[in-house]
1. Can you find, within region A:29-62, the residue that is nearest to B:SER3 (Cα to Cα) among those that are touching a residue at least 60 places away in the same chain (Cβ under 8 Å) and touching a Ser or Thr at 6+ places or on another chain (Cβ under 9 Å)?
2. Restricting attention to region B:13-27, which residues are within 22 Å of A:GLY42 (Cβ to Cβ) and in a loop (DSSP other than H, G, I, E, B)?
3. Run down B:THR52, B:THR105, B:THR110 and say which single residue is free of Cβ contacts under 8 Å to residues at least 60 places away in the same chain and of a type in the set (Val, Ile, Thr).
4. Output yes when any residue across region B:50-61 is within 13 Å of chain A (Cβ to nearest Cβ), surrounded by 12 or more Cβ atoms within 10 Å (Cβ to Cβ) and under 24 Å from A:PHE45 (Cα atoms), and no when none is.
5. Can you say whether B:PRO40 is of a type outside the set (S, T, N, Q), in a loop (DSSP other than H, G, I, E, B), more than 13 Å from the chain's Cα centre (by Cα) and crowded, with 19+ Cβ neighbours inside 10 Å, as far as the supplied structure shows?
6. Could you look through region B:66-111, keep only residues that are within 22 Å of A:LYS57 (Cα to Cα) and among the aromatic types (Phe, Trp, Tyr), and pick out the one that is farthest from the other protein chains (Cβ to nearest Cβ)?
Amino acid sequence: GAGVSQSPSNKVTEKGKDVELRCDPISGHTALYWYRQSLGQGLEFLIYFQGNSAPDKSGLPSDRFSAERTGGSVSTLTIQRTQQEDSAVYLCASSLALASGGVVEMFGPGTRLTVL
Amino acid sequence: AQSVAQPEDQVNVAEGNPLTVKCTYSVSGNPYLFWYVQYPNRGLQFLLKYITGDNLVKGSYGFEAEFNKSQTSFHLKKPSALVSDSALYFCAVRPWGKLQFGAGTQVVVTP
């Protein structure tokens, strides 16, 4: 597609359930990022995938959070045993470094997660 | 540690007046600085960035930002604000790939 897509757009779940959020980056973009936007915490970095390198997981808030990027394309962010404080908008972004030195980057529309 | 600060939670400005959204940074080495905008019910959009070169950076929608090394600032500016500029603006620094965002500044432009 023309941009980064995320699914679902909205997810309501009960506390303690597991959820999976999906990100389809722009084809050919080598880098993929997950961020979280929540009240009181602003925009937080979660995890970063760059090519075949080991991901930078330094932003994941707990071991309940994990992410995979299969085949260098689609990524899934999994939250196990969700808590109410996990409620947020989860944003995915992908980027490509250009030969000119610039970077093309685009954010997806986000998945709004509500944990009841 | 790399960080950015946006000292204002909200900026109110009348349409047609100049708009400034403040950002200060703390980085070691050369800063890679960015501004993003988030319109209601829409995703985050890139506005402009400073990597190196001219201190005045021009971006999308008529916005520009001035990199000031001595004041460690990267304020976003627009000479004449529009009602449609009402949105949430984020300053960010990019250490080693990932973006670190400021808390955001809500801009309200009144007719």
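1. A:TYR33
2. B:LYS22, B:CYS23, B:VAL27
3. Of B:THR52, B:THR105, B:THR110, the one residue that is free of Cβ contacts under 8 Å to residues at least 60 places away in the same chain and of a type in the set (Val, Ile, Thr) is B:THR52.
4. Checked against the condition, which is being within 13 Å of chain A (Cβ to nearest Cβ), surrounded by 12 or more Cβ atoms within 10 Å (Cβ to Cβ) and under 24 Å from A:PHE45 (Cα atoms), region B:50-61 yields at least one hit.
5. Here the answer is no, as B:PRO40 does not meet what is asked.
6. Filtering region B:66-111 for residues that are within 22 Å of A:LYS57 (Cα to Cα) and among the aromatic types (Phe, Trp, Tyr), the one farthest from the other protein chains (Cβ to nearest Cβ) comes out as B:TRP96.
Per-residue answers, yes or no, for (1) within 24 Å of A:GLN50 (Cβ to Cβ); (2) free of Cβ contacts under 8 Å to residues at least 60 places away in the same chain:
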residue	(1), (2)
A:THR78	yes, no
A:GLN83	no, no
A:SER87	no, yes
A:CYS92	yes, no
A:ALA99	yes, yes
A:PRO109	yes, no
A:LEU116	no, no
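Coordinate-derived values only; no laboratory data. Quantities reported herein were computed from a predicted structural model and do not represent experimental measurements. Note: ideal-geometry Cβ built from the backbone for every residue, glycine included; neighbour counts use all protein chains shown.
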